[in-house]
Structures are given as structure tokens and as C-alpha cells.
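Structure first, commentary second.
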Amino acid sequence: MNILRKLEYMKNGLDLSIIIPLYNEQDSILSLHKKIKHAMSKLKMSCEIVFVDDGSTDRSLERLKALQRKDKSIRIIVLRKNFGQSAAINAGFSNAKGNVLIVIDADLQNDPEDIPRLLAKMDEGYDVVSGWRDKRQDPLSKTVPSRISNWLHRKLTGLDIHDSGCSLKAYKKESVNDLELYGEMHRYIPALIAIRGFKIGEIKVKHNKREYGKSKYGIDRLLKGFLDLLYIRFLMKYGSRPLHFFGLLGLFQIILGVLIGVVKVWDLYRKYLNTGQFVQFGPLLLFSGFLIIIGILFVIFGFLAELTIRIYYSRSQTKGYIIREILQ
Ligand code: UDP
Ligand code: MG
């Protein structure tokens, strides 16, 4: 049996928080709790279990409260309505007290027995360890979009992670400080964290069929996920200098517009010299005008985006950097 002691990282306070976002998962709660307790009994670590009830309308909350009466290591965060998985994970991150935070799904698709393995990998020097559902037990309508999205994810983020969407992950608390999670960004947490300079590792984890309740997502998440991915790519490259993105696009259009315009006007001028008559403006000249105007708008848009960034950094805790340590 693998008895994992505290990691080097867990110096003071509570060692572990297990965060479980849940929305209408009444039938899996008891069994999940039992499995977590069993897995934790192998670890020499202090641990809390943080259930985040994301506006469940079934008997989930009632069951959680009953469980809490028996197990004092349970805390329940009750959201006012269903805010979505990202928001629920965020609420867990902000309220968890542990040095290391583990997120796990409530529907028993992840296996708590993998938690010690995540921690062992973290001990090798990673800030985040992500699960990889190597043999995923989901219908094709889920696995196919997920494969496409993970391939795109690797191409667009350059991050060597096979299964960004797997919930089961371990995070050092500092890696999620000030992380802004909203919408459906929970699938891209490793990329969002990697942008901030943290080291991401990966291990293969078990995956089970969903036995109770229903999945909360459909096939439409492929396109939505693609948009989110494009945004992440933009954040990674131009998040702190949006003027360069919009400005370069704008300048390119202006230059192209001017070039087309000059060639066309020159052409018209030559025709005028030859025939002594003004030839009517063609569509190409109109196009050149459009390009120049749109280009100017893009540059102005870049200025606005740059101003927004400035306000963002001055208002939030976020600076343009994160210090690992100061040696003196
Ligand atoms: N979940 C949540 N809020 C939501 C949707 C989902 O807290 O609005 C929880 C859900 O209860 C589960 C986890 O997020 O614990 C993953 O959801 P699901 O199993 O539906 O996703 P899938 O495994 O199908 O990708
Ligand atoms: Mg699931």
C-alpha cells in the first residue's frame, strides 16, 4: 500500500481540500463519500471535503447535510442557483483551506483511488497534475468531440496535455489564486494556469460509466469549446498586449488598402492620359477604401483593448507577473 506523507509543499495548515462541484447528483453522494474516505485513509494528511452544491433541485443538499452531521471534515458551499461547473469550482477554490486542492466530479466517473497518485506526481515537482481519462467510458457523442477538442487544444496552447477536460486534478493552492473561472472555462484550467508560469503534469486515471443521473452537457459543447479555445490562444499570445494583435491586423489592412488604391489610381491616371477621359471608379478602389477604414477601426479598437487591460490590471489583484520566491 502506498502511504503518502505530506508533500514538501504542505508546510503549515490543512494539507488537502477535496472540492466536489455537484448539480443534481443525489444518488452518488453516499458512495462517493465512502470512496473518498477510503482513499484518504491511505494518506498521512489532514483533509477537508468541500461539496459545492451548484443549485441542485433534487435531494442532493438534504443528503449532504445528513452526511455532514456524521463527518465533521465536510463543508458545504451552497450556491444560490445553478451557476455552472466553472463557477462552482471557482467557489470551491476561493473557500478551500488546504495547501493542495483536488477537484473531482460528483458522479463517480472519476475514482478517488487516483488521488494519492496525483499527489505522488505533484511531489515530482509539478504545480498542477491533471488526470487523463485514457480509457474513457462515455458515449461516442462525447469521446469524439473531446478528442478533436484535445487535439486542437494541444496545437493551439502548445501544452502537452491529453485530456484538459478531465475534472480530476490536483492544484497547489498558489496556482489558482486570483484565477478567474467563469463560463465554461473549467475545461481549460491547465492552460489558464500555464499562462501564469506554473508547471503542469499529467497522469492516466481511471474512468467509469455514469451510473446515476444525467450528464449536464451535450454535443453543442464542441463549437462553444472551440470559441473558448480561440480565446485562450488569444490570451496566451496577446493577453497583456492586445494592441499588438488588433494594431498589426489594422496596419496590415491599411497598407494593403493603400497599395491597392495607389495601383488603381495610377491605372486610372494612365487611362486618363491616353484617352483624355475620366474612367469611372471600379469596385477595387472601393475595396481599398474599405480596407483602409476597417484598418483604422482595428487600430482604434487595439487602443481601446489596451486601455481595458490597463484598467483590469489596476483594479484587480492581478499583476503582470507572479513571483515564485525571493532569495536574499
Ligand atoms: N456540475 C455542476 N454544475 C453544472 C453542471 C455540472 O456542478 O452546471 C457538476 C456535475 O454535478 C458533476 C461535474 O460537474 O459533478 C461534471 O458534470 P458532468 O458529469 O455532467 O460532465 P461530463 O462528465 O458529462 O463531462
Ligand atoms: Mg460526468
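The values are calculated or read from the model by the stated rules, or taken from the named source; none is laboratory data. Note that the structure is predicted; figures quoted are calculated from it, not measured. Here the Cβ positions follow ideal geometry from the backbone for every residue, glycine too, while neighbour counts run over all protein chains shown. In case anyone asks, the SASA skips ligands and DNA or RNA and just uses the protein heavy atoms, side chains included. Shrake-Rupley method; radii C 1.70, N 1.55, O 1.52, S 1.80 Å.
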### Task
Could you run through region 269-295 and say how many residues are open to solvent by less than 80 Å² (accessible area, probe 1.4 Å) and modelled with pLDDT of 90 or more?
7
### Task
Starting from region 253-273, take each residue that is within 21 Å of Ile293 (Cα to Cα) and list its partners that are among the hydroxyl-bearing types (Ser, Thr, Tyr) and part of a helix (DSSP H, G or I), counting only C-beta distances under 7 angstrom and pairs at least six apart or across chains.
Gly257/Ser288; Ile260/Ser288; Gly261/Ser288; Lys264/Ser288
### Query
Out of the residues in region 119-153 that are of a type in the set (S, T, N, Q) and in a helix (DSSP H, G or I), which is most open to solvent (accessible area, probe 1.4 Å)?
Ser141
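Pick out the one residue from Ile89, Ile115 that is in a helix (DSSP H, G or I), surrounded by 18 or more Cβ atoms within 10 Å (Cβ to Cβ) and within 16 Å of ligand 2 (Cβ to nearest atom).
Details: Ile115 fails: within 16 Å of ligand 2 (Cβ to nearest atom).
Within the list Ile89, Ile115, the selection yields Ile89.
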### Task
Taking the residues in region 154-171 that are touching a helix residue (DSSP H, G or I) at 6+ places or on another chain (Cβ under 6 Å) and part of a helix (DSSP H, G or I) as candidates, determine which candidate is least open to solvent (accessible area, probe 1.4 Å).
Thr157
### Query
Quick one: which of Asp58, Asp71, Asp54 is buried (at least 17 other Cβ atoms within 10 Å of the Cβ) and modelled with pLDDT of 95 or more?
Asp54
### Task
Answer yes if at least one residue in region 316-328 is open to solvent by 70 Å² or more (accessible area, probe 1.4 Å) and part of a helix (DSSP H, G or I), and no otherwise.
no
### Task
Output the residue which, of all residues in region 1-38 that are within 19 Å of Ala96 (Cα to Cα) and of a type in the set (Gly, Ala, Ser), is modelled with the lowest pLDDT.
Gly13
### Query
Can you tell me how many residues in region 190-210 are within 16 Å of ligand 2 (Cβ to nearest atom) and part of a loop (DSSP other than H, G, I, E, B)?
5
### Task
Scan region 219-267 residue by residue and report those that are over 31 Å from the mean Cα position of the chain (by Cα) and crowded, with 16+ Cβ neighbours inside 10 Å.
Gln253, Ile254, Gly257, Ile260, Gly261, Lys264
